[in-house]
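The values are calculated or read from the model by the stated rules, or taken from the named source; none is laboratory data. The structure displayed is predicted, hence computed values, not measured ones. Cβ sites come from the backbone with ideal geometry, for glycine too, and all protein chains shown count toward neighbours.
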Amino acid sequence: MADKLGDRVKLNSPVRCIEWDESGVTLTVYPSARQGPTIYRARYVIVAIPPTLYPTLGFQPGLPALKSQLAQRMPMGSILKTNMYYKRPFWREKGYSGVIVNDEGPVLYAYDDCKVDGSAYSIMGFINAKHGRRWLYSSKEERQKAVWREINKFDNSLTRCRYAKNTASSLDAMKLCHRLHM
């Protein structure tokens with residue numbers, strides 16, 4: 001999609017003000033600390049940030065009362081995103097999708113996140129709610145120890161992992177994948 005939009009996609013350009021009226025929106029953007037503001041005019045704007053961050057956008061006029069209250073009172077969720085990287089997508093080789101849906105946790109869902117060009121093979125998982133809070137307070141060493149202990153219980157192909165981030169949850173995603181498909 002970014003290719004089709006060309007130079008209309010602006011990266012690293014924080015929006016500091018959204019002025020809106022019946023005719024559309026005016027965005028005040030600061031591409032860098034050294035550069036002054038850039039102004040854009042559009043018919044619509046899509047705000048794709050958590051509601052708790054709405055106040056950072058400086059809406060003019062302010063948001064409707066109910067939306068403003070939502071932004072003030074809606075807490076951020078507890079979620080950890082994980083990735084486990086492999087030399088090859090062995091789950092695909094076995095005919096599995098790499099999709100995991102689990103109601104026990106800690107990884108409640110995960111997906112095949114392999115790069116289309118074959119440059120990286122991974123499973124991306126999410127640890128939510130109470131599971132997210134538990135793993136958040138575990139040390140990196142605790143997570144790594146749990147991962148490698150568990151990896152040896154399941155498939156030898158898991159030990160060919162190149163590297164992992166938030167490894168405990170990544171392991172659980174793969175463990176669940178094997179449970180669901182074996």
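Is there any pair with a first residue in the stretch 122-144 that is assigned to a loop (DSSP other than H, G, I, E, B) and a second that is surrounded by 13 or more Cβ atoms within 10 Å (Cβ to Cβ) whose Cβ atoms are under 9 Å apart and which are 6 or more apart or on different chains, and what are they?
Within 9 Å, the pairs are Ser138/Ala146; Ser138/Ala168.
May I ask you to list the residues in the stretch 18-70 that are among the small types (Gly, Ala, Ser), over 25 Å from Arg8 (Cα atoms) and either assigned to a loop (DSSP other than H, G, I, E, B) or assigned by TED's automatic domain parsing to the domain that holds Ala129 (or both)?
Restricting attention to the stretch 18-70, the residues satisfying the condition of being among the small types (Gly, Ala, Ser) are 23-24, 32-33, 36, 42, 48, 58, 62, 65, 68.
So of that shortlist, the ones also over 25 Å from Arg8 (Cα atoms) come out as 62, 65, 68.
Result: Gly62, single match.
Looking only at the stretch 76-85, filter to residues that are assigned to a loop (DSSP other than H, G, I, E, B) and touching a helix residue (DSSP H, G or I) at 6+ places or on another chain (Cβ under 7 Å); which one of those is surrounded by the most Cβ atoms within 10 Å (Cβ to Cβ)?
At the first step, the residues of the stretch 76-85 found to be assigned to a loop (DSSP other than H, G, I, E, B) are 76-78.
Adding the requirement that they be touching a helix residue (DSSP H, G or I) at 6+ places or on another chain (Cβ under 7 Å) leaves 76, 78.
Working: Met76: 9, Ser78: 15.
Per the criteria, the residue is Ser78.
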